[in-house]
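Shown next, in structure tokens, is the structure this report addresses.
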Amino acid sequence: MKIVFCAPHKDFQPWLDDIVANIPAAEVWSWSPPDEAQALRSDEPQADYALVWAPPTEFFSAQKNLKAVFTIGAGVDRLMKLPNPDGVPIVRLNDAGMAVQMAEYVCHALIRHTREFAAYEAQARHAEWTVRAPIDRAAWPVGVMGLGSIGARVAQAVAAFDYPTFGWSRTAKSLPGISTFAGTENLEKFLQSVRVLVCVLPLTHDTENILNFVTLSRLKPPGYLINVARGAHLVEADLLALIKTGAMSGAALDVFQTEPLPPDHPFWHHPEIRITPHSSAITLRKESVMQIAAKIYDLEQGRNIEGVVNQQVGY
Ligand code: NDP
């Protein structure tokens with residue numbers, strides 16, 4: 001079995017080593033664009049399976065025999081923009097150790113905000129000993145947009161801290177302890193039920209710019225936003241405008257329209273916006289390769305696998 005790895009900005013050797021450790025019979029190599037002399041040759045080695053992250057456009061025109069393409073991330077938005085090989089399944093990671101990281105991140109951002117930890121830190125800087133009032137959890141309903149491999153875990157973690165928890169997905173879902181809504185027709189009702197909005201949606205045609213002036217204005221005021229999905233979900237100027245009016249109290253943001261966030265971006269120095277550098281859930285190499293190897297074995301045995309992207313809906 002031949003497996004090609006193509007993730008231009010990653011150190012490829014540990015990935016190749018882990019693939020071989022999980023599939024000892026595999027012949028593996030890292031792909032790079034051929035130079036001009038090689039481009040004239042037609043003997044480019046052809047793989048059965050590819051593991052990719054942000055591959056260059058030429059990659060798929062060079063690899064003609066692929067049986068499946070595995071992304072080494074949960075989101076496939078960048079991959080969906082490339083001309084992908086016809087009829088070849090694209091498979092994304094399911095959790096692979098990212099859901100727990102995301103649950104930690106969201107609970108940290110939520111609890112830091114509701115329990116006023118920033119205010120305690122400010123007090124401590126000038127040795128002030130003042131106990132703040134306990135929170136009324138009923139006043140902090142949390143809504144999670146996206147109830148997939150990651151969003152469901154996030155919603156359950158939030159609910160475990162007894163915050164009233166709501167969830168929104170494309171198709172109907174049932175999760176213990178979570179009040180769920182499905183479809184565009186129920187988006188408004190969902191938003192009106194919540195004060196803290198968490199976005200764990202995939203970025204698709206339907207979800208781009210979904211966090212905008214109109215949707216964020218529907219939250220119970222003052223709303224709070226936690227975006228751990230993709231920067232293009234948020235209309236950044238609308239968030240700033242709503243913080244100015246007091247309709248939103250702030251945001252914890254891990255993802256941005258432009259990454260890295262430009263040094264002169266107003267988010268950097270905004271007192272109500274907390275920033276992390278797209279690190280809320282990081283791909284874990286060993287877990288990811290183990291999951292992909294198991295899926296390759298299943299495909300070879302003719303079994304169905306989880307995580308095949310529906311290219312019509314884009315996730
Ligand atoms: P899944 O595909 O498992 O889940 C996606 C969820 O979003 C599903 O519940 C789906 O609904 C819902 N959804 C999709 N489109 C719509 C829509 N139009 N309206 C309402 N709901 C919708 O994805 P994951 O949970 O694995 O990952 C989610 C995203 O998180 C990834 O696409 C990625 O972009 C982002 N991510 C960000 C990371 C970071 O470091 N910042 C790290 C990892 C992931 P349904 O259940 O009905 O299909």
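The values are calculated or read from the model by the stated rules, or taken from the named source; none is laboratory data. Source: prediction; values computed, not measured. Don't worry about glycine lacking a Cβ; one is built from the backbone with ideal geometry, like all the others, and counts go over all protein chains shown.
Observations
- Among the residues of the range 227-278, those identified as of a type in the set (V, I, T) and over 24 Å from I150 (Cβ atoms) are I243, T245.
- Residues that are within 21 Å of the chain's Cα centre (by Cα) and in a loop (DSSP other than H, G, I, E, B), drawn from the range 289-309: I305, E306, G307, V309
- Count - residues of the range 226-265 that are among the hydrophobic types (A, V, I, L, M, F, W, C) and within 16 Å of the ligand (Cβ to nearest atom): 11
- As for the range 99-107, it holds at least one residue that is touching a helix residue (DSSP H, G or I) at 6+ places or on another chain (Cβ under 6 Å) and closer than 30 Å to D48 by Cα.
- Failed item in (1) within 16 Å of the ligand (Cβ to nearest atom); (2) of a type in the set (A, V, I, L, M); (3) not assigned by TED's automatic domain parsing to the domain that holds E287, with M80 passing the rest: (3)
- Those strands (runs of 3 or more DSSP E) of the range 111-186 in which 3 or more residues are under 25 Å from G97 (Cβ atoms) occupy 142-145, 165-169.
- Annotation for the range 274-291: no member residue is more than 12 Å from the ligand (Cβ to nearest atom), farther than 23 Å from M102 by Cα and surrounded by 14 or more Cβ atoms within 10 Å (Cβ to Cβ).
- Just one of the listed residues (Q63, Q38) is at pLDDT below 95 and touching a strand residue (DSSP E or B) at 6+ places or on another chain (Cβ under 7 Å), and it is Q63.
- Qualifying residue in the range 8-25 (condition: in contact (Cβ under 8 Å) with a residue 24 or more places away in the chain and in a strand (DSSP E or B)): no
Results for (1) more than 12 Å from the ligand (Cβ to nearest atom); (2) in contact (Cβ under 8 Å) with a residue 40 or more places away in the chain, shown as yes or no for each residue.
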{"position": "V100", "(1), (2)": "no, yes"}
{"position": "A119", "(1), (2)": "yes, no"}
{"position": "A124", "(1), (2)": "yes, no"}
{"position": "R137", "(1), (2)": "yes, no"}
{"position": "I150", "(1), (2)": "no, yes"}
{"position": "N186", "(1), (2)": "no, no"}
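- Qualifying residue in the range 22-30 (condition: under 24 Å from A281 (Cβ atoms) and surrounded by 14 or more Cβ atoms within 10 Å (Cβ to Cβ)): yes
- For the range 82-110, the set of residues classified as crowded, with 20+ Cβ neighbours inside 10 Å, of a type in the set (G, A, S) and part of a loop (DSSP other than H, G, I, E, B) consists of A96 only.
- I226 modelled with pLDDT of 95 or more, surrounded by 13 or more Cβ atoms within 10 Å (Cβ to Cβ), outside any loop (DSSP other than H, G, I, E, B) and over 17 Å from the mean Cα position of the chain (by Cα): no
- Any hit, the range 266-288, residues being part of a loop (DSSP other than H, G, I, E, B), in contact with a Pro (Cβ under 6 Å, 6 or more places away or on another chain) and at pLDDT 95 or above: no
- Looking only at the range 237-247, residues that are under 20 Å from L261 (Cα atoms) and surrounded by 19 or more Cβ atoms within 10 Å (Cβ to Cβ) come to 2 in all.
- Residue check, L219 buried (at least 21 other Cβ atoms within 10 Å of the Cβ) and either part of a loop (DSSP other than H, G, I, E, B) or among the hydroxyl-bearing types (S, T, Y) (or both): yes
- Filtered residue count, the range 156-169, keeping only those that are within 16 Å of the ligand (Cβ to nearest atom) and touching a residue at least 40 places away in the same chain (Cβ under 8 Å): 3
- Just one of the numbered conditions (1) charged (D, E, K, R); (2) within 13 Å of the ligand (Cβ to nearest atom); (3) farther than 21 Å from V313 by Cβ is not true of K173: (3).
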